[in-house]
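K.L.:
Pasting a structure here, questions to come.
What follows is calculated from the coordinates using simple rules that are stated; it is not laboratory data. Computed from a predicted model, the values in this text were never measured in an experiment. Ideal geometry is used to build each Cβ from the backbone, glycine not excepted, and the neighbour counts take in all protein chains shown.
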Amino acid sequence: MHARAIPLMLAMAGCAPALPVLSGALPTPVERGAALAGVAARIPLGSDLPDQPNAPGGVAPVVAVRYGLGTHTDVGLMAVGPLVRADVQHAVLLEDDITSYAVTFGLAPYAGPVDEGGVRWGAQVPVLLTVDAGSVVLLWIGPRLRFERASSDAEGDTTGIELGGVLGVGLGFRHFHGLVELSAAWERWWAEVDRSGTVLTPAFALRLLL
């Protein structure tokens, strides 16, 4: 059973464009690093989106690293299956105490291959309300916004947008946390055949502050 599951997951990872946020709460402290590893899934609902060649469903492994640049600002690099995403985020503290509240803004461009020798590129724009309760409980919630362009022999040129929301929770202590996240969004794709529908993106990861 396990021998069959491993190649199946690898095959699904090659085509699944699941893009979690997995931001945690506050940005990585200045001159500190963080690393995470986990898995994300893309689950299209309804009958339209599973037939979109540039946006199939599936499961993908997630690995990422982050580095603190300055006070409440960090940068990151994430690989999700075949996609690579870079991002920068900055937090504006609303309250800085044992429990800290902040609004985090960011920009996260990404790119990667699609089937039939094509390429996809786009950007997420995370805007999150985050809570850090003594580095034990982490919370992030906010809108999920994304724009994408793709080109492939199977579908030609495709433009997509995504509008929705994301909710994430982290549990741990000091340097180590488990992160669980769920995104729900409406997508619209313009191509030879226009398609739209709702997509769920659950994700889980373990994160270590270095």
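K.L.:
Within 10 Å of each residue's Cβ, count the other Cβ atoms and sort Ile141, Ile161, Ile98 from fewest upward. Let's see the in-between values first.
P.N.:
Values: Ile141 13, Ile161 16, Ile98 10.
Going from least to most buried by this count: Ile98, Ile141, Ile161.
K.L.:
Identify, among Val119, Gly197, His177, the residue whose Cα sits farthest towards the positive end of the charge dipole of region 2-209, taking +1 on the Cβ of Lys and Arg and -1 on the Cβ of Asp and Glu, with the dipole about the Cα centre.
P.N.:
Of the candidates, His177 comes out farthest on the positive side.
K.L.:
Just want the answer: with Cβ charges of +1 for Lys and Arg and -1 for Asp and Glu, which residue in Thr99, Thr158, Ala40 is farthest toward the dipole's positive end in the chain?
P.N.:
Thr99
K.L.:
Right, another one. How much FRET efficiency would the formula 1/(1 + (r/R0)^6) give for Asp194 and Thr73, where r is the Cβ-Cβ distance and R0 is 41 Å, rounded to 0.05? Numbers along the way, then the final one.
P.N.:
Details: r = 39 Å, r/R0 = 0.95.
The formula returns an efficiency of 0.60 here.
K.L.:
Report the percentage of all Cα-Cα pairs in the chain whose separation exceeds 22 Å, rounded to a whole percent.
P.N.:
Values: 10324 of 21945 pairs.
So the pairs more than 22 Å apart make up 47 percent of the total in the chain.
K.L.:
Let me ask something else. Express in whole angstrom the spacing between the alpha-carbon centres of region 70-93 and region 112-155.
P.N.:
That distance is 11 Å.
K.L.:
Calculate the spin-label point distance for Val127 paired with Val92, positioning each point 7 Å from the Cα along the beta-carbon direction, and give it in nanometres.
P.N.:
Roughly 1.0 nm, to one decimal.
K.L.:
What do the square roots of 5 times the Cα gyration tensor eigenvalues come to for region 146-205, in whole Å, largest first, as semi-axes of the equivalent ellipsoid?
P.N.:
In descending order, the three semi-axes are 33, 12, 8 Å.
K.L.:
Within the chain, what's the longest run with no trypsin sites (Lys or Arg not before Pro) in a DSSP loop and at most 14 other beta-carbon atoms within 10 Å? Give the range, please. Could you put the intermediate results ahead of the total?
P.N.:
Working: sites that count: Arg32, Arg174.
My reading of the result: 33-173 is the longest stretch.
K.L.:
Can you compute log10 of I(q)/I(0) for region 130-181 with the Debye formula, treating each Cα as one identical point scatterer, at q = 0.12, 0.18, 0.20 Å⁻¹?
P.N.:
Calculated log10 I(q)/I(0) at the listed q: -0.47, -0.66, -0.72.
K.L.:
Counting other C-beta atoms within 10 Å, and keeping those with at most 10, which DSSP coil GluC sites (Glu not before Pro) do you find in region 156-210?
P.N.:
Working: sites: Glu162, Glu181, Glu187, Glu192; in loops: Glu192.
Those that pass, being in a loop and sparsely packed, are Glu192.
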